[in-house]
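The values are calculated or read from the model by the stated rules, or taken from the named source; none is laboratory data. For clarity, every value in this text was computed on a predicted model and none was experimentally measured. Cβ placement follows ideal geometry from the backbone for every residue including glycine, while neighbour counts extend to all protein chains displayed. The accessibility values were calculated without ligands, DNA or RNA, using every heavy atom of the protein model including side chains. Shrake-Rupley method; radii C 1.70, N 1.55, O 1.52, S 1.80 Å.
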Amino acid sequence: MKKKLVVLTGAGISAESGIKTFRDSDGLWEGHNVLDVATPEGWHKNPALVLDFYNQRRKQLKEVAPNLGHQILAELEKDFEVFIITQNVDDLHERAGSSNVLHLHGELLKVRSTKNPNYILDWQEDLNFGDFDENKNQLRPHIVWFGEEVPALDEAITLTQSADYFAVIGTSLQVYPAAGLIDFTTRETPIFYIDPKPIKIPNLRNPLEVIPEVASKGVAFMKEKLLNQ
């Protein structure tokens, strides 16, 4: 029986592929204030800006590729039952070959109805005004914006509780509720924390290994440690 490795990934793992993050700089995401492009208020204020912003992100995603960090996580499926919980909206984990990926914050290559959150479509091209669901309701990016509920949270908690090993890769551990997942691990579950600028994790009960590296180097180191345990 393979041991279960549950991995929480954030923007840091995709940064090595060329996808920018706003938390490393001045609160801007690709030159935009996140409140303008990643909140329900921003959508109601200027939906044209929001549609254009995610159309540009969708185009950008086609120009990048998974990096070594993504690839090693996929390779670990040979030896472990690997489940990835990602805060990222890109599809780089899937393109690298990971089988079990849960997107906490939505997916860039999907859209949904503004009226029916369960009406979700795969979407590769631009999303425009006049793109409707079956009841003529406007479609919107399938993104969990700041201030919205995280529908996948319960599933993520269940996965975390069942982990034999838990890894945190490339996330600031400042965005909740995702950052709180670590508290749902069992006390004996070893945790690997991979980030070039790791923060102190308060009140952690678990065995912890901090790997202060970028994702690709850190995941390679973690793989070696896991295979030698």
| message | Helix-only estimate, please: 222 nm mean residue ellipticity of the chain, summing -39500 (n - 2.57) across DSSP H runs of length 4 or more and dividing by its residues, to the nearest 500. | response | -7500 deg cm²/dmol
| Principal axis lengths of the range 28-161 from Cα atoms, whole Å, largest first? | 48, 31, 29
| task | Mind telling me which of Leu68, Leu121, Leu153 comes out most flexible in a GNM of the chain, alpha-carbon contacts under 10 Å? | result | Leu121
| request: Kindly state, to the nearest 0.05, the FRET efficiency for Gln174 paired with Arg205, given R0 = 25 Å and r defined as their beta-carbon distance. | output: 0.75
| task | Express the carbon and sulfur contribution to the solvent-accessible surface of the chain as a percent, rounded to the nearest whole number, probe 1.4 angstrom. | result | 49
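Mean separation of Cα pairs under 8 Å and 6+ residues apart, divided by the residue count of the chain: what relative contact order is that in percent?
Rounded, it is 23 percent for the chain.
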| request: Among Ile191, Ile201, Ile157, determine the one that fluctuates most according to a GNM of the chain built with springs between C-alpha atoms less than 10 Å apart. | output: Ile201
| said: Averaging the inverse of every distinct alpha carbon separation and then flipping it gives the Kirkwood radius. What is it for the range 159-229, in angstrom units? | reply: 12.4
| query | Rounded to the nearest 10 Å², what accessible area does Glu188 show when all protein chains are kept and the probe is 1.4 Å? | reply | 130
| query | What is the Cα radius of gyration of the range 121-189 over 2.2 N^0.38 Å, N being its residue count? | reply | 1.55
| For Lys20 and Asp164 in one chain, what is 0.36 nm times their gap in residues minus the Cα-Cα distance, to one decimal in nm? | 48.7 nm
| request: Return an integer: the convex hull volume of the alpha-carbon atoms of the range 78-229, in Å³ per residue. | output: 131
| said: For the pair Ala48/Asp183, report the inter-label distance in nm, with labels modelled 7 Å from Cα in the Cβ direction. | reply: 4.4
| field | Residue with peak Gaussian network fluctuation, the chain [Cα springs, cutoff 10 Å], from Leu109, Leu173, Leu49 | value | Leu49
| request: May I ask which residue of Asn33, Ala48, Phe83 lies farthest towards the positive end of the charge dipole of the range 22-111, with charges of +1 (Lys, Arg) and -1 (Asp, Glu) on Cβ and the Cα centre as origin? | output: Ala48
| note | Averaged per residue, the 1.4 Å probe accessible area of the chain, protein heavy atoms only, in Å², is roughly 50
